[in-house]
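Worksheet: one structure, shown below.
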Amino acid sequence: MSTVEKLSKEFEALTPEQKAEFLNKINVSPEGEYIAIEGRIYFFPYDDEPLSEEEEKALQEGYEDVKAGRVKSLEQVEKELEI
């Protein structure tokens, strides 16, 4: 087994939070960071402009929707839109 295969296998065994932490440590681009949310890893680019009040409100509403389960999977949306 090659070194890359070994690392890949070990990476797969990590939790999403550990994967995000690892990716942030090896990321050579200072343009964003990896964050684990609900078991998935997302890359968020940095934005040097502060959020507006409207943007902060929208983010909070979105977070509350996720917590309350008011979300649809991509598969559900594709099915509804017949894509």
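Each value in this text was obtained by applying a stated rule to the coordinates, not by laboratory testing. Everything numeric here is computed off the predicted structure, so don't read it as measured data. Glycine gets a Cβ as well: all are built from the backbone with ideal geometry, and neighbour counts include every protein chain shown.
Taking a cut-off of 21 Å between Cα atoms, list the lysines near Lys72, but don't count ones fewer than 8 places away on the same chain.
Lys57
Using DSSP to call loops (not H, G, I, E or B), can you name the trypsin sites (Lys or Arg not before Pro) in the chain whose Cβ has at most 15 other Cβ atoms within 10 angstrom? Spell out each step's value before the answer.
Working: sites: Lys6, Lys9, Lys19, Lys25, Arg40, Lys57, Lys67, Arg70, Lys72, Lys79; in loops: Arg70, Lys72.
Sites meeting the loop and neighbour criteria: Arg70, Lys72.
Return one number: the angle in degrees, 0 to 90 and rounded to the nearest 10, between the long axis of the Cα atoms of helix 3-12 and the longest principal axis of the Cα atoms of the chain.
Helix 3-12 sits at roughly 40 degrees to that axis.
Under a cut-off of 18 Å between alpha-carbon atoms, report the lysines in cross-link reach of Lys19, not counting same-chain residues fewer than 8 places apart.
Lys6, Lys9
Taking Lys79 as the anchor, which lysines have their alpha carbon closer than 27 Å to its alpha carbon, excluding any fewer than eight residues away along the same chain?
Lys67
Under 14 Å from the 7 Å Cα→Cβ point of Phe43, by amide nitrogen: which residues of region 1-18?
Output list for this probe position: empty.
With the chain treated as a Gaussian network of Cα nodes joined by springs under 10 Å, which of Glu55, Glu17, Glu33 yields the largest mean-square fluctuation?
Of Glu55, Glu17, Glu33, the most mobile in the Gaussian network model is Glu55.
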